[in-house]
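S.K.: Just passing along the structure, written as structure tokens.
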Amino acid sequence: TGLQGHRSLSCDPQVTTGGRNLRCSCCCAPDAQALTCVGMTDPKYDCEVLVVGAGPVGLATALSLVSQGVDVRIVDDMPMRHATPRASAIHARTLELLAPFGVSDRIAAYAQPIRDILFFDERGGEVFHRKLRAVDSQYPAQQNLQQWQAEWIIAEQLQSRGVSVQAATRFTGLV
């Protein structure tokens with residue numbers, strides 16, 4: 001995709017992890033930097049689980065694994081974290097699942113409860129209205145929170161546990 005400074009993870013095809021080799025190749029501009037791992041035995045790059053993608057699911061997965069003592073490495077092809085609107089709601093059950101990892105209360109502190117859902121037509125007339133019911137949870141059923149805010153909070157928690165996202169690194173396949 002031609003991202004400046006994009007790196008690619010490349011592991012020695014002779015080294016296996018769980019019966020599989022990890023291999024990535026640089027797929028960007030000719031001047032892209034390549035990060036080459038000399039197999040999964042190099043302590044600088046060694047990990048038990050490689051998480052590909054630093055969105056909310058990848059970050060939450062990594063946080064769950066780290067909390068269980070698993071050595072995790074996270075790669076993402078984006079050169080930096082985004083701060084643009086994407087998803088804008090978080091559900092009570094999601095916060096309950098994240099609670100054991102120490103991020104739910106911080107996320108809930110930034111979020112605003114959603115009590116009603118309204119849709120309007122192009123003239124401003126209401127076409128749909130739904131009042132959200134309470135759920136059996138310490139958190140509101142839905143809360144308004146931009147996806148990037150939740151990602152930042154989870155990434156900060158990972159950082160405090162010594163795990164950071166390796167940005168501008170694209171995973172291209174298993175060998």
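The values are calculated or read from the model by the stated rules, or taken from the named source; none is laboratory data. Bear in mind the structure is a predicted one, so any value in this text is a computation, not a measurement. Cβ coordinates were reconstructed from backbone atoms using ideal geometry, including for glycine residues, and neighbour counts include every protein chain displayed. These accessible areas exclude ligands, DNA and RNA; they are computed on the full protein's heavy atoms, side chains included. Shrake-Rupley method; radii C 1.70, N 1.55, O 1.52, S 1.80 Å.
S.K.: Within the range 84-167, what whole-number % of the accessible surface is contributed by carbon and sulfur, with the 1.4 Å probe and all protein chains included in the calculation?
M.R.: Details: 2810 of 5470 Å².
Within the range 84-167, the accessible surface is 51 percent carbon and sulfur.
S.K.: Using unit Cβ charges (K, R positive; D, E negative) and no other charged atoms, how large, in debye to the nearest 20, is the dipole of the range 45-162 about its Cα centre?
M.R.: Details: 11 positive and 14 negative charges, 76 e Å.
It comes to approximately 360 debye.
S.K.: Next question. Provide, for q = 0.15, 0.21, 0.24 Å⁻¹, the log10 of I(q)/I(0) from a solvent-free Debye sum over equal Cα point scatterers in the range 60-175.
M.R.: With one equal scatterer per Cα and no solvent, log10 I(q)/I(0) is -0.79, -1.18, -1.37.
S.K.: Here's something else I'd like to know. Sum up the charges of everything whose Cβ sits under 12 Å from the Cβ of residue 92, counting Lys and Arg as +1 and Asp and Glu as -1, but leave residue 92 out. If you can, show how the numbers build up before the last one.
M.R.: Numbers: positive: 93, 133; negative: 96, 136.
Spelling it out: positives minus negatives among the neighbours equals 0.
S.K.: Right, here's the next one. When the distances between all Cα atoms of the range 67-109 are binned every 5 Å from zero, what whole-number percent does each bin get?
M.R.: 5, 15, 17, 18, 26, 17, 2
S.K.: Moving on. Which order do 114, 153 take when ranked by solvent-accessible area (1.4 Å probe, heavy atoms of all protein chains), largest first?
M.R.: From most accessible down to least: 114, 153.
S.K.: Right, something else. Sort 156, 96 from largest to smallest accessible area, using a 1.4 Å probe on the heavy atoms of the protein chains. Don't jump to the answer; show the numbers that get you there.
M.R.: Details: 156 90, 96 60 Å².
In descending accessible area the options line up as 156, 96.
S.K.: On to the next question. Quick one: which of 128-137, 54-63 comes out on top by average Cβ neighbours within 10 Å, and what's the full order, highest first? Provide the component values of the computation, followed by the final result.
M.R.: Values: 128-137: 9.8, 54-63: 20.1.
Highest-to-lowest ranking by the protection proxy: 54-63, 128-137.
S.K.: Whole number in Å², please: accessible area per residue of the range 97-175, 1.4 Å probe, ligands, DNA and RNA not counted.
M.R.: On the way: 5020 Å² over 79 residues.
I get 64 Å² per residue for the range 97-175.
S.K.: Considering the options 79, 108, 62, tell which one lies farthest towards the positive end of the dipole of the range 51-114, charges being +1 on Lys and Arg and -1 on Asp and Glu at the Cβ, about the Cα centre.
M.R.: After comparing all options, I get 108.
S.K.: A further question on this structure: Tell me, what ³J(HN,Hα) does each residue in the range 96-106 have, in order and in whole Hz, if you take phi through Karplus 6.51 cos²θ - 1.76 cosθ + 1.60 with θ = phi - 60° and put x for Gly and Pro?
M.R.: 4, 5, 7, 3, x, 9, x, 10, 4, 5, 5
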